[in-house]
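Just so you know, all these numbers are worked out from the coordinates, no wet-lab data involved. For clarity, every value in this text was computed on a predicted model and none was experimentally measured. Every residue, glycine among them, receives a Cβ derived from its backbone with ideal geometry; neighbour counts consider all protein chains shown.
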Amino acid sequence: MVRFVNDYILKNGYSLSFQNQVVNACKLYFKEVAHSELDVNNLKRPRREHKLPNVLSKEEVKVILDAPTNLKHRAMLSIIYACGFRRSELLNLKLQDVDSKRHLLLIRKAKGRKDRVVPISEKTITMLCNYFVAYKPVTWLFEGQKVGKPYSESSFDKVFDQAVARAKIVRHVTPHCLRHSYATHLLEAGTDLRYIQELLGHQSSKTTEIYTHVTDNGLKKIKSPFDDLFE
């Protein structure tokens with residue numbers, strides 16, 4: 001097993017999730033199929049990477065959202081940031097999920113198979129109304145080229161990449177960065193972490209707490225000892 005891991009798994013640079021799948025498969029095989037006395041419980045799993053979210057500044061977000069000339073494209077990107085949605089949550093929205101009178105959007109069976117509601121501002125409602133008038137969607141909030149069919153993930157990714165290119169953002173960013181930025185900007189504005197957890201649909205508060213590591217409110221107050229040398 002050690003040789004297999006060293007010569008095949010590590011040598012080929014497979015992902016941590018793949019390595020975990022290998023460990024699970026080995027444990028299942030030796031326990032249920034081979035009925036071996038090999039103690040597979042001692043097989044060590046790789047440690048998960050703890051990467052910080054890639055967060056955009058408010059200025060960068062604004063430039064990206066202003067980049068599309070197409071009203072539908074601008075509306076899709078704006079909703080992602082305005083509500084902190086995952087890409088799949090945005091594309092699965094239906095017309096019936098918009099409650100303009102109560103200023104709410106309903107997310108059905110999101111990650112974890114749970115429904116949740118997210119508040120939307122008057123500006124967002126106005127933008128959606130303009131979009132409705134121009135595009136007249138039938139079933140899905142954002143439909144693809146075929147009437148009655150949702151907008152595809154690949155098409156959305158192209159829209160985002162084009163907006164990033166027009167905005168001249170050099171570093172690598174993905175649509176999920178808008179969700180990360182939404183959460184971080186809320187936290188920097190003083191929003192309670194528990195509310196952010198609910199808005200994002202996180203089951204565990206630990207998932208939401210990662211945004212405390214990328215907020216700059218506290219960091220900006222820290223004075224480097226280097227500055228004292230030249231006073």
**Prompt:** What GluC sites (Glu not before Pro) in the stretch 51-156 are in a loop by DSSP, with at most 12 other Cβ atoms within 10 Å of the Cβ?
**Reply:** none
**Item:** Whole-Hz ³J(HN,Hα) from phi, Karplus 6.51 cos²θ - 1.76 cosθ + 1.60, for the stretch 184-195, glycine and proline x
**Value:** 5, 5, 5, 5, 5, 7, x, 5, 4, 4, 5, 5
**Message:** Normalised by the empirical 2.2 N^0.38 Å for globular proteins, what value does the Cα Rg of the stretch 58-213 take?
**Reply:** 1.01
**Item:** Exposure proxy ranking, count of Cβ atoms within 10 Å, fewest first, for M76, M127
**Value:** M127, M76
**Prompt:** Considering only the other residues whose Cβ falls under 11 Å of the Cβ of S152, what net charge follows from Lys and Arg at +1 and Asp and Glu at -1?
**Reply:** +1
**Item:** Zone residues, the stretch 60-78, relative to V133, backbone N less than 16 Å from point 7 Å out along Cα-to-Cβ
**Value:** 71-72, 75
**Asked** Taking other Cβ within 10 Å of each residue's Cβ, how do H73, H103, H202 sort, fewest first?
**Response** H103, H202, H73
**Asked** Distance in nm between label sites at T191 and R108, each 7 Å beyond Cα in the beta-carbon direction?
**Response** 2.5
**Complete:** Summed over the other residues with a beta carbon less than 14 angstrom from that of E122, with K and R at +1 and D and E at -1, the charge totals +2
**Request:** Extending each Cα 7 Å along its Cβ direction at K58 and Q19, get the distance between those two points in nm, one decimal.
**Result:** 4.1
